[in-house]
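The structure appears right after this line, and notes come after that.
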Amino acid sequence: MPSIELLAPARDLETGMAAVNCGADAVYIGAERFGAREDAGNSMSDIEALICHAHKYWAKVYVALNTILRDDELPEALRIAKSAHEAGADGLIIQDMGLLECGLPPLPLIASTQMHNHTPERVLFLERAGFRRAILARELSLDRIASIRGRTTIELEAFIHGSLCASYSGRCLMSYAIGGRSGNRGACAQPCRRAYSVFDSSGTALANAKYVLSLKDLNRSSWIREMIGAGITSFKIEGRLRDVTAIMNAVAWTRQALDKVLESDGLRKSASGRPVFDFTPDLNKTFNRGYTEYLLKGRGDAPLVTMHTPKSTGERIGKASLIGRNRFTVETDLVLHPGDGLCFFDGKMVLTGTRVDRVEGKTVFPRAMKGLCAGTVIYRNEDTAFSRSLRKSRTERKIGVSLAFSETPEGFCLEASDEDGNRAVTGLKFEKQSARDGAAAMETVRKQLAKTGGTGFECLNVDVRFSEARFIPVSELNAARRAVLENLSKVREDNRPRSEAVVVPNDFPYPEKTLTYRDHVLNRKAEAFYRRHGVETIEFAAESGLDMRGRTLMTTRLCVLDELGFCLKKAGQSGRRPPFFLVDEDGRRFELRFRCDVCEMDVVLKD
């Protein structure tokens, strides 16, 4: 069985190191340019420092270079790729196929989810083109993941937690069309988090100023076993724009959930060490819009969107009662603290926020009371005590090591063996002395050798193999322990699994003969790549300057009509006739086109 990887995002060096300490088997981080989050770029020196820290635990670091590129940008992108290789990166996440024509360094290639990796044919092509891994579309069900696994041997990565885009990744041009900010070039303005009104063909409003494209956040931590069974070997947490505390919480939560499955099913994780937490992770306390498993077992009846707000509501506290002039009572088992952030929906279903000034038992004195009435559900979207515990956390990651201390003709030998089977030895040469108090001497030996603080190791046991109790100075014991653990660290680095992958150009046929603006060919190198693989007609990307009026901007498995209770396939909805329209806050109109046979929706710019 392959090893299973927990993959975490890193906005910066601090976040990446914290993610590793909390148990991530791998981290992905943006380079200084050309990452799909332009506000999360990092210097190569910081990336190299992260790589150095991660490699202590045999954890990996993948560099994201996953935007589409203009011809004049290819040389710089290639330079960054080469620098990442020299720094010791373990993989390169890309979207632009033009890079494969540029002589990339021998880094394993990871196909970004922006490449619309949603069918066996597309993923098989990536495998044959030289990719080591494909990041699958978030919309795939377990059955569709299994169908991809059945026809490929490439590594499959899937999202397990984080924000969701309304559109298939890489198939959204809405931000670019309405404001010139391209998601495929790292600058999405998040139009799916805006309010829209929905109209039918008669002009009747089906929704007024609702967040009909704002999906809940993803949480598939209860489906780990099933996802592994379908073929997933890397579980990805989304969030290269999230702060360090949010990432710590998400990684710690997912690490614990994943480890339960791995231990139960006899599977192994892909890196070494275990995190020693000094906080209790809780996903409800991290920014979230409510959670969804998002189509993993089909559409189901649970809503996918947060219709009334795109903001975080956090954890449900309870219903307000006994409303006073400046206070309310709430029945809850949770402990509230001064400074906590609370929110609730007022009578007009507008999200309202306030802070806690003080708490007396079940009575809460908030900073503001406007819109609050008896029966209102109260949420906490900031737990100050929890946030403080994360900021102060000293969570460490420890590699298990066993020590064996024995006699030699010249003195003594200390051997260290770690959880990955690495072994190191150091010797002590000095005259042997019998101990006056044998029990105390042996206790001192074990106690001193077990002190591994600050080394990244934790001593699981000390086996002392003496012919008789010996007196050994504490200074000698400490020196031997330091030496053997330093040697073990060097052995671990020498034995750390490494992989390189040279892409050999070939002409394996691409599964389609025609590419449109939605396939994101923006440079001549990408055009040459696809032509070599049999593509006959190529339209350049929208970012080349196309007029987007009348064009599809978004394709989604989200169905706005279904979310509003007007599914065209269900009985009793025959009175609703297309076309249907979205209208945003600036008066722009988008036509909604439905392909009910495959449960997909297109959003088309009208004017």
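The values are calculated or read from the model by the stated rules, or taken from the named source; none is laboratory data. Not measured: the values here are computed from a predicted model. All Cβ positions, glycine included, derive from the backbone under ideal geometry; neighbour counts span all protein chains shown. Please note that ligands, DNA and RNA were not included when accessible areas were found on the heavy atoms of the full protein model with its side chains. Shrake-Rupley method; radii C 1.70, N 1.55, O 1.52, S 1.80 Å.
Some observations on this one:
- Of Val261, Val244, all but one fail to be under 27 Å from Glu38 (Cβ atoms), modelled with pLDDT of 95 or more and of a type outside the set (Lys, Arg); the exception is Val244.
- Within the stretch 82-126, the set of residues being farther than 23 Å from Ser169 by Cα and crowded, with 21+ Cβ neighbours inside 10 Å comprises Ala84, Ala89, Asp90, Leu104, Leu107.
- Within the stretch 372-388, restricting attention to residues that are open to solvent by 40 Å² or more (accessible area, probe 1.4 Å) and in contact (Cβ under 8 Å) with a residue 60 or more places away in the chain, the residue that is nearest to Ser321 (Cα to Cα) is Tyr379.
- Exactly one residue out of Gly565, Gly550, Gly534 is surrounded by fewer than 16 Cβ atoms within 10 Å (Cβ to Cβ), touching a Pro at 6+ places or on another chain (Cβ under 8 Å) and small (Gly, Ala, Ser), and it is Gly534.
- Considering (1) open to solvent by 30 Å² or more (accessible area, probe 1.4 Å); (2) in contact with a Phe, Trp or Tyr (Cβ under 9 Å, 6 or more places away or on another chain), the lone condition that Phe277 does not fulfil carries the number (2).
- The stretch 490-518 - residue that is under 15 Å from Arg532 (Cα atoms), assigned to a loop (DSSP other than H, G, I, E, B) and of a type in the set (Val, Ile, Thr) and, of those, least open to solvent (accessible area, probe 1.4 Å): Val503
- Taking residues in the stretch 429-449 that are closer than 13 Å to Glu476 by Cα and aromatic (Phe, Trp, Tyr), and partners anywhere that are surrounded by 12 or more Cβ atoms within 10 Å (Cβ to Cβ) and at pLDDT 90 or above, the pairs with Cβ atoms closer than 6 Å and at least 6 places apart or on different chains are Phe430/Gly411.
- Of all residues making up the stretch 144-166, the number that are in contact with a helix residue (DSSP H, G or I) (Cβ under 8 Å, 6 or more places away or on another chain) and charged (D, E, K, R): 2
- Pairs where the first residue, in the stretch 13-39, is over 18 Å from Ala187 (Cα atoms) and the second is assigned to a strand (DSSP E or B) and open to solvent by 40 Å² or more (accessible area, probe 1.4 Å), C-beta under 8 Å, 6+ apart: Asn21/Glu396; Gly23/Arg274; Asp25/Lys60; Asp25/Lys269; Ala26/Lys60; Val27/Lys60
- Of the numbered criteria (1) closer than 21 Å to Arg132 by Cα; (2) buried (at least 23 other Cβ atoms within 10 Å of the Cβ), the one His55 fails is (2).
- Strands (runs of 3 or more DSSP E) enclosed by the stretch 324-367 - at least 2 residues per element that are open to solvent by less than 20 Å² (accessible area, probe 1.4 Å) and not β-branched (Val, Ile, Thr): 341-345, 363-366
- Scanning the stretch 175-202 for residues that are of a type in the set (Lys, Arg), under 18 Å from Asn66 (Cα atoms) and more than 20 Å from the chain's Cα centre (by Cα) returns a single hit, Arg181.
- Number of the condition not met by Asp357 [criteria: (1) under 30 Å from Val462 (Cα atoms); (2) in contact with a Gly (Cβ under 9 Å, 6 or more places away or on another chain)]: (1)
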